[in-house]
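Each reported figure results from applying straightforward, stated rules to the coordinates on display, with no laboratory input. These figures come from a predicted structure and were not determined experimentally. Heads up, the Cβs are rebuilt from the backbone with ideal geometry, glycines too, and the neighbour counts pull from every protein chain shown.
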Amino acid sequence: MLVTPPTARAVKSPRGNTRVVPTGVERPYGREEIIVSKTDTKGVIRYANDIFLRVAGYDESEIVGMPHNVIRHPGMPRAVFQVMWDTISSGEELFAYVVNLAADGGHYWVLAHVTPTFDATGTIVGYHSNRRWVEPEIRDEVEAVYARVLHAEAAQQKTSDAIAAGVAALVDELASAGHTLDTWVWAMAGREMAGRQMAGAR
């Protein structure tokens, strides 16, 4: 079960002034389903597919026009999103494991592939994200790493200091295992793929 850090705050909902409080209940979706969203350069949602709407628990009219971080779960380190924005805003793609927050307080893990969208002049005009199902054992391993990063962030009072501390903790955590974020995610994803192939061969 996902453990919400004691310092985490509820997340503001698109539904008026209510706040979404994490429940610890997982929102199910299919292994072969792909959650898709598109945003502008500021992270405002411009498109969400039917699977996104069903799993996140929002109507299209509620979610389009909202910042993508409306589904950010407080169990996610800020550092991961800092690395994500640094990467995609420079024109590069990024893969990352993310736990999202649904409208009812439930959560769902994804392997996110985020890419910049360019216009004819090569200028970034938005971002596209495909998100896939994550095996339970992989979720547990990722959550353990993220918990240690969250601990480093929680020790800081200022947001900027928390992000810096989180990024340093994430880099150190992965470097100790011989990885960067990119190689770590690919190693985990490779294990997932191999496990599914073995299961399909039985």
Exercise. Of the residues Gly57, Gly178, Gly91, which exhibits the maximal mean-square fluctuation in a Gaussian network model of the chain defined by a 10 Å Cα contact cut-off?
Worked result: Gly178
Seminar exercise, completed: One would report the Cα pair-distance distribution of the chain, bin width 5 Å, in %, as 1, 7, 14, 19, 20, 19, 12, 5, 2, 0, 0
Exercise. Given the C-alpha centroids of the range 30-96 and the range 154-191, what is the distance between them in whole angstrom?
Worked result: 20 Å
For this session: Please give the length that would be gained between Val171 and Thr115 if that part of the chain were fully extended, namely 0.36 nm times their separation in residues minus their C-alpha to C-alpha distance (nm, one decimal).
Result: 18.0 nm
For this session: Quickly work out the Arg54-to-Thr41 label distance, labels modelled 7 Å from Cα along the C-beta direction, and quote it in nm with one decimal.
Result: 3.5 nm
Exercise. Modelled label-to-label distance, Arg72 and Glu137, 7 Å Cα→beta-carbon offset: nm?
Worked result: 3.3 nm
